[in-house]
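Let me begin by presenting the structure, written as structure tokens, before commenting on it.
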Amino acid sequence: MIEVTAGIIFKNDKILIAKRPYDKKFGGKWELPGGKLEVGESIEECMKRELKEELNISIRGHEYYISSDHEYDTFKVRIHSFLIRDYIGEVLLIEHEDIHWINPEDYQNYDILAADLPFIKKIIRGEYE
Ligand SMILES: Nc1nc2c([nH]c(=O)n2[C@H]2C[C@H](O)[C@@H](COP(=O)(O)OP(=O)(O)OP(=O)(O)O)O2)c(=O)[nH]1
């Protein structure tokens, strides 16, 4: 099981999704920005580190949301998600191919990683503060 953190970053009613680098696993698919937990790191530290590394933003207002497990063909992931409403800095494309701010209801227009669908569906159901 690999442990991963992901940020659900809100701008008004839209959320940010990012297109994975073509040369990495699941290249070209869309995800919530984040990445793998490192040894000795809390999930909160991991989320903040990854979002700084990938998007150059410093997270200020965030809360833990839910964790969800998913089994891909060759490995399992546990993704810990955070709701993010406030950050410092402009979002930059550092590692991803592209980013989009989407209305969560429009998720089916994107090839989103299967493990992320529970988060997006829960947001659509309005199950968040
Ligand atoms: N970052 C991120 N990874 C996700 C999400 N959903 C999901 O299944 N994953 C999977 C894809 C990857 O196998 C793993 C995260 O690894 P990563 O690609 O961010 O980290 P990494 O740079 O170390 O990647 P690599 O070693 O696998 O190439 O979790 C998500 O929303 N965000």
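Here W101, W30 are placed in order of increasing Cβ neighbour count within 10 Å, fewest first, which gives W101, W30. For segment 30-103, the set of GluC sites (Glu not before Pro) satisfying both a DSSP loop assignment and a count of at most 12 other C-beta atoms within 10 Å is given as E38, E90.
Comparing mean-square fluctuations of Y72, Y64, Y107 from a GNM of the chain with C-alpha springs under 10 Å, the top value falls on Y72. Here is the link list: K24/K76; K24/K122; K52/K122. Which ones come out longer than 22 Å on Cα distance? Beyond 22 Å: K24/K122; K52/K122. Take every DSSP beta bridge whose two residues both sit in the chain; close to 70 percent of them are antiparallel. Taking the Cα centre of the chain as origin and assigning +1 to Lys and Arg Cβ atoms and -1 to Asp and Glu Cβ atoms, the resulting dipole is close to 80 debye.
Summing Cβ point charges (Lys, Arg +1; Asp, Glu -1) relative to the Cα centre of segment 60-102 gives a dipole of roughly 260 debye. Amide H contacts of I112 (H built 1.01 Å from N, in plane; Pro and chain starts excluded): W30 sit under 5 Å, all sequence-distant by 5 or more or on other chains. Which residue, L55, L16, L92, tops the fluctuation ranking in a GNM of the chain built on C-alpha contacts under 10 Å? Ranking L55, L16, L92 by mean-square fluctuation puts L92 first.
Each value in this text was obtained by applying a stated rule to the coordinates, not by laboratory testing. Nothing here was measured: the structure is a model prediction, and the numbers come from that model. Every residue, glycine among them, receives a Cβ derived from its backbone with ideal geometry; neighbour counts consider all protein chains shown.
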